[in-house]
Amino acid sequence: MVKLAKYAKPFIMPLIVAIALLFVQAMTDLALPDYMSNIVNKGIQQNGIENAVPSAITQSKMNKLTLFMSENDKKEVIDNYTLINKDSSDYEKYVKDYPQLEKESVYVLKDISKSEIDKLNPTIGKAFLTVSGVDKMKSEAKNGKINFNGQEIPSNTDLFALLGKLSEEQRTKVSEQANKKFEELGDSMIVQAAIAPIKDEYKALGVNTDKLQSSYIKRTGVTMLGISLIGAVCTILVGFLGAKIAAGLSRNLRRDVFTKVESFSNTEFDKFSTASLITRTTNDITQIQMVINMSVRMVFYAPIMGVGGILRALQKSHSMSWIIAVAVIALLGLILIVFSIALPKFKAIQKLIDRLNLVTRENLSGMMVIRAFSTQKFEEQRFDKANKDLTGTNLFVNRVMVSMMPIMMLIMNGITLLIVWVGAHQVAQSSMQVGDMMAFMQYAMQIIFSFLMLSMMFILIPRASVAADRVAEVLAVQPVIVDKKDSKHFEKEIQGTIEFKNVSFRYPGAEEDVIKDLNFKALPGQTTAIIGSTGAGKTTLINLVPRFYDVTDGQILIDGIDIREVPQKELRDKIGYVPQKGSLFSGTIESNLKYADENSSEENIRRAAEIAQAIEFISERPEGFETAISQGGTNVSGGQKQRLSIARALVKRPEIYIFDDSFSALDFKTDAALRRALKKNTGSSTVLLVAQRISTIMNAEQIIVLDEGKIVGVGTHKELIKNCATYQEIASSQLSKEELA
Ligand code: CTP
Ligand code: MG
């Protein structure tokens, strides 16, 4: 995982932008419950009246209110209001809002800041409560008498006038008595309690209080809508960035893996199977892509959300914070238990998938053999076992994960219940507002969800890290065959003399040399044939020339230059190679022939096809050179494939030809015709030719007889037939007595 970290580098900028957007998204998500609590607390419970400082107060009411304020408070309150009457210049402006202005003067609140309002809140709130308390006495009058300050007085007495006549000292006593009652309530509760008399005051001013309420709720609702919209835009943008980062990163990974694999020599290919390399470039990288996409969205969002949620919840209620602690501990405990059970199984799943792939691959590629030997039952059982193992483990993991869900829901609902239970008591004791309890509940859910998101990542990351390790493994391979820094170069016109000097070769990891101390020279204009029993090392020997493998000991020289000294491309440009197992690419016959040289002329291609004896079957097809070749060349016969492979090498007109048993699938007549044409057309090139048939190589200038990796005879057909026992053996098995003689 860490090894692939450098692939994140080009995406740092989008990642930072994504994190910033996630931050905004989290902030919007966290802001919403607060607005909701405002709708409940202020919009519904307080009739849309936000605080105890009304925007206007009639002069008569103000006079009553100030009766219960200290001199300082009174001054402060009056200072923040402007008295408007019929003669004021602003009269026209205010009379619309406060129709009562037509009858009496009105105090209008100045444009003051929120902190100043907060300061005035308790002062005015208490005054309103006291005034309404005094009013209440009047309405509770019994037998026309009111109990006022221990005295019975007639109920039609103007209490406020009476109070106004009292001395400063006595008045303070009255208001202190009232204040004692309010002390237990917090500021916000005083405001809430004062709402009813304030609403009456608004009514007295002629203000439509229903409109006041609905406009507050609408205003808050529209703000919430706006915030949700911002959140939604952020979510979309983050999704877009996440996909972009993940797709870009995996594109780079795939490109690098492919380039790396292209630089592999056969040594490295022997290490990874082809199927495994394909799985790594496709499936594994897709896994990484998926996890990156998800983690861009979750890994950063979850902590911001979790921490923000906790802070906000504490703001709403300190006393209930223990509930969140309980929730988090319960969830963490659950997640830990589930993971300790499921995580080892996740790793096992990856291995079982590999196993299933292997069995499937073998089955599909060996289908013909399986049918021929009627081993379907056995293969079915083998597949069944791999399939069942995977199914079993998958089921187990899923059962564990699924059982987590109801438990989690139980915990979450339990937490909600707990919050309502504890919150309801606090609401009853007036130490908490209903809206705050609801917001707390939402914050608790947000915190829990952020923990869930983090735990999701714990599932995904181990899976991705397995995939990442497999990809990193390929990228970490250092190919053994590389170009030298200060490489030498061939002359422009090379001769093509190939010389093997004390060459030994051993396959990586093998115990024994396959080629042992070979010495020979292949000259330009001549055919050097190599013959020997199967497994003698012919293909191995020939593969050393284009450097598919490097020699273990000794050296191979072309025109006197060690082939390890020249760049691989320069070396391979000189060689026309026809492999033992011909392979064609999907396309047309022409595209396959042009594979050797894309700028080759029509003429040259036709010539190559003629020499390779392919022209006949090509022209038989209605599309000729445009005949489609299917993937792997399965729609041409073995012999046709060989001839197209030969033609492909001929298109190149190289200085060195290598034919590895390339005539084996041809009938004798075609074989002979092809050899004759080749002889005429290869001219001054060096030809290395591996064959099993004596007749194919009889006319070669030099024949090398190979046995168990050693040269047991060199010479022409005539010489070898006389003095090489191995050659004689091969010859006598293939030729008639007359031919031998
Ligand atoms: N070998 C190996 N690893 C490989 C290829 C071959 O260990 N990647 C071994 C084989 O087991 C064999 C020896 O090398 O014993 C020689 O193989 P090869 O050169 O392919 O033999 P040929 O002479 O080409 O045999 P054939 O005529 O069947 O093509
Ligand atoms: Mg071979």
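Structural remarks
- ³J(HN,Hα), Karplus 6.51/-1.76/1.60, whole Hz, each residue of the range 667-684, x for Gly, Pro: 6, 4, 5, 5, 3, 5, 4, 5, 4, 4, 5, 4, 3, 5, 9, 7, x, 8
- For the chain, the longest principal axis of the C-alpha atoms and the axis of helix 434-476 are separated by about 10°.
- Full-extension gain in nm, Phe269 to Met13, via 0.36 nm per residue minus C-alpha separation: 88.4 nm
- Sequence-distant residues sharing a close amide H with Ile629 (under 5 Å, placed H): Gly587, Thr588, Ile589
- Gap separating the Cα centres of the range 414-471 and the range 226-286, nearest whole Å: 33 Å
- Taking other C-beta atoms within 10 Å as the exposure proxy, Glu590, Glu168 rank Glu168, Glu590 from fewest upward.
- A quarter of the convex hull surface defined by the alpha-carbon atoms of the range 53-207 gives 9.9 nm² as the mean projection.
- Degrees, to the nearest 10: 638-651 long Cα axis against longest axis of the chain: 90 degrees
- Between Thr282 and Met368, the contour length at 0.36 nm per residue exceeds the alpha carbon distance by 28.2 nm.
- Percent of beta bridges antiparallel (DSSP, the chain, rounded to nearest 5): 65 percent
- Tail fraction, Cα-Cα pairs, the chain, threshold 39 Å, whole percent: 63 percent
- Derived scalar couplings ³J(HN,Hα) [the range 96-109; Karplus, 6.51 cos²θ - 1.76 cosθ + 1.60; whole Hz; x for Gly, Pro]: 5, 6, 10, x, 4, 3, 4, 9, 8, 6, 10, 7, 10, 5
- Förster radius 45 Å - calculated FRET efficiency between Val712 and Phe258 (Cβ-Cβ, nearest 0.05): 0.55
- In terms of surrounding Cβ atoms within a 10 Å radius of their Cβ, Phe68, Phe300, Phe585 rank from fewest to most as Phe585, Phe300, Phe68.
- Acute angle (nearest 10 degrees) that the helix 187-204 long axis makes with the longest principal axis of the chain, alpha-carbon atoms: 60 degrees
- Coil-residue chymotrypsin sites (Phe, Trp or Tyr not before Pro) of the range 222-283, DSSP, other Cβ within 10 Å capped at 11: none
- FRET efficiency, Ile329 to Arg399 (Cβ-Cβ, R0 30 Å, nearest 0.05): 0.75
- Computed from point charges on the beta carbon alone (+1 for Lys and Arg, -1 for Asp and Glu), the dipole magnitude for the chain about its Cα centre is near 860 Debye.
- 5 angstrom amide H check on Ile515, placed H, neighbours 5+ away: Phe505
- R0 of 22 Å, Cβ-Cβ distance Glu473-Asp550: FRET efficiency to nearest 0.05: 0.45
- Local electrostatic count at Arg676 - Lys and Arg +1, Asp and Glu -1, tallied over other residues with Cβ under 14 Å: +2
- Karplus-derived HN-Hα couplings along the range 239-250 (A = 6.51, B = -1.76, C = 1.60, θ = phi - 60°), whole Hz, x at Gly and Pro: x, 4, 5, x, 5, 5, 5, 5, 5, x, 5, 6
- Among the trypsin sites (Lys or Arg not before Pro) found in the range 1-102, those both in a DSSP coil and sparsely packed, with 13 or fewer other Cβ atoms within 10 Å of their Cβ, are Lys86.
- Stokes-Einstein translational diffusion, the range 582-653 - Kirkwood Rh over all Cα pairs, 1.567 mPa s, 4 °C, in µm²/s: 112 µm²/s
- Eigen-decomposition of the gyration tensor built on the alpha-carbon atoms of the range 122-201 gives equivalent ellipsoid semi-axes of 23, 15, 11 angstrom, largest listed first.
- Projected label distance in nm at Lys722 and Phe23, using a 7 Å step from Cα toward the beta-carbon: 9.3 nm
- The residues Ile542, Ile16, Ile112, Ile656, when put in order of fewest to most other Cβ atoms within 10 Å, stand as Ile16, Ile112, Ile542, Ile656.
- Out-of-range pairs (alpha-carbon distance over 25 Å; input Lys641/Lys680; Lys61/Lys119; Lys110/Lys316): Lys110/Lys316
Just so you know, all these numbers are worked out from the coordinates, no wet-lab data involved. Values in this document were obtained by computation on a predicted structure and should not be read as measured data. Cβ coordinates were reconstructed from backbone atoms using ideal geometry, including for glycine residues, and neighbour counts include every protein chain displayed.
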